[in-house]
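Presented below is the structure to which this report refers.
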Amino acid sequence: MQKIVSTIILGVILVACKKEEVKINPMESDKEIVIKNDIDSNSEVQHFNFDRLKIDTISEGITRKWFHGEKGQMTIFNLKKGAHIPWHKHPNEQITYIMSGKVRIKTIIDGKETFAEVVAGEVIVFPENVPHEFWALEETVDLDVHVPVRQDWLSDELPDYLKKSK
């Protein structure tokens, strides 16, 4: 998991810096590294150790670690078998990659309420405002990317649907 997260962060750095090669070893630093981008941008590249982020406990069966940039965010959910994230929707595209485990998802596909099982190595993409619901069929690690940043996650208070999670 750490290798995937490091690779994603390195990819963001390569794109943001518009360079073909950036030499960074994320294991050499315990602190956040900010690299100024001097190529037509006022943004800063963020670089940090994902494993050291604060763990949010959503419910007895769900924890998450997450961060956001200016335009998007990445979250890793750890779901115990039987965990449930209730029916909800948001104005963000959501890309869900199941890193390990298996979930059952209820969503709307072609205008019909549909169930799908998504297993380790598979991805499902929810366009903005498409309702969805998750049940962990086994212990699961789920990596979600949301664009734009989830405004309802920026406060210390959980959104109402997450308060109902099991």
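The values are calculated or read from the model by the stated rules, or taken from the named source; none is laboratory data. All of these numbers come straight from a predicted model, not from anything done at the bench. Cβ atoms come from the backbone with ideal geometry, glycine included; neighbour counts cover every protein chain shown.
At-a-glance table
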item	result
Residue satisfying condition, being surrounded by fewer than 14 Cβ atoms within 10 Å (Cβ to Cβ) and of a type outside the set (Val, Ile, Thr), within set Asp56, Asp160	Asp160
Contacts under 6 angstrom Cβ, first residue in the stretch 57-76 being free of Cβ contacts under 8 Å to residues at least 60 places away in the same chain, partner assigned to a loop (DSSP other than H, G, I, E, B), 6 or more apart	Thr63/Ile55; Lys65/Leu53; Lys65/Ile55
Residues of the stretch 114-133 that turn out to be closer than 13 Å to His88 by Cα and not in a loop (DSSP other than H, G, I, E, B), as a count	3
Looking only at the stretch 104-117, and only at residues there that are under 24 Å from Val149 (Cα atoms) and modelled with pLDDT of 95 or more, the one that is surrounded by the fewest Cβ atoms within 10 Å (Cβ to Cβ)	Lys106
Number of positions in the stretch 91-119 that are within 15 Å of the chain's Cα centre (by Cα) and farther than 24 Å from Lys71 by Cα	1
